[in-house]
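Shown next, in structure tokens, is the structure this report addresses.
Here, each number is a calculation from the coordinates, and none is a lab measurement. Computed from a prediction, not measured in an experiment: that's the story for all the values here. Here the Cβ positions follow ideal geometry from the backbone for every residue, glycine too, while neighbour counts run over all protein chains shown.
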There are 2 protein chains.
Amino acid sequence: MVKNKADEAFTPLPALAEAAECLKTLAHPHRLRIVQMLLRGRYAVGELAQACGIPSHMASEHLRLMQRCGLLRSEREGRKAFYEVAEPHLANIMECVEARFGP
Amino acid sequence: MVKNKADEAFTPLPALAEAAECLKTLAHPHRLRIVQMLLRGRYAVGELAQACGIPSHMASEHLRLMQRCGLLRSEREGRKAFYEVAEPHLANIMECVEARFGP
DNA sequence: TTGACATATCGTGACATGCCGATATATTTC
DNA sequence: GAAATATATCGGCATGTCACGATATGTCAA
């Protein structure tokens, strides 16, 4: 190996930039609540919106953002769209958040 | 107890709002790098700035933001200011991030 | 086909954030 | 005290985000 230990201990900046994108997307109260719910089951847009107390077109927007960076995936069933967690590491990160800020 | 299980499984929104604040503060490539370094030791502003390839007055600004939401703490020694991790859970969260985005 | 429902997208104004140069404070050295 | 070093703060500009109303798309039921 060529590089010394100090160098390779750190994640390269481009990877950190991608991580920052995901964290930024996650960093919103309603989006955290949505993720918390989706880690426990599948929900349609309207249900998530009601649980957050926001109009459904805004829940749709939050879901779109999280889907765009690979955190969620959606499936249409009839006139409803169900969302579920697509990124397995979300559970770990959410556990960390809950450990710090209390369930 | 009065509430049903579904209700009390979720973190209250104010706590999620606080969590979102911290995550938003963390969600920046240079700040993630800084945290990664501080989890391995104490560093002065200039050292962190050099490692990120940014002018030191910008590192100072990043450090101020993270200090403001309790992630870091600083101590002056002579003309230098050393920063260190103040929030123990940072290690867990950073492990999650590294597990997902590769070390 | 018409109407109702569920979700998605668009356009906008208010507001926050990131980055930068310039400048200010604090501390050591001469 | 003056110069040098290390941090910190300020003002401004560009860009991004949030919440919202309005509107568009897709789906079912009658």
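Answer with yes or no whether residue A:53 is within 20 Å of residue B:22 (Cβ to Cβ), surrounded by fewer than 13 Cβ atoms within 10 Å (Cβ to Cβ) and within 12 Å of another protein chain (Cβ to nearest Cβ). Explain how you work it out, then say what you get.
Numbers: within 20 Å of residue B:22 (Cβ to Cβ): no; surrounded by fewer than 13 Cβ atoms within 10 Å (Cβ to Cβ): yes; within 12 Å of another protein chain (Cβ to nearest Cβ): yes.
Spelling it out, it is not the case that residue A:53 is within 20 Å of residue B:22 (Cβ to Cβ), surrounded by fewer than 13 Cβ atoms within 10 Å (Cβ to Cβ) and within 12 Å of another protein chain (Cβ to nearest Cβ).
Residue-wise test of (1) under 9 Å from the mean Cα position of the chain (by Cα); (2) outside any helix (DSSP H, G or I).
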site: A:47; (1), (2): no, no
site: A:50; (1), (2): no, no
site: A:59; (1), (2): no, no
site: A:75; (1), (2): no, yes
site: A:82; (1), (2): no, yes
site: A:87; (1), (2): yes, yes
site: A:90; (1), (2): yes, no
site: A:95; (1), (2): no, no
Among residues belonging to segment A:28-43 that are surrounded by fewer than 19 Cβ atoms within 10 Å (Cβ to Cβ) and more than 8 Å from chain B (Cβ to nearest Cβ), point out the one that is nearest to DNA strand D (Cβ to nearest atom). A:42
On the given criteria, is residue B:99 in a helix (DSSP H, G or I) and either more than 14 Å from the chain's Cα centre (by Cα) or surrounded by fewer than 15 Cβ atoms within 10 Å (Cβ to Cβ) (or both)? yes
Single residue of segment B:15-27 satisfying the filter (closer than 17 Å to residue A:16 by Cβ and not hydrophobic (A, V, I, L, M, F, W, C)) that is surrounded by the most Cβ atoms within 10 Å (Cβ to Cβ): B:25
Which residues, taken from segment B:17-27, are more than 13 Å from the chain's Cα centre (by Cα) and more than 11 Å from DNA strand D (Cβ to nearest atom)? B:18
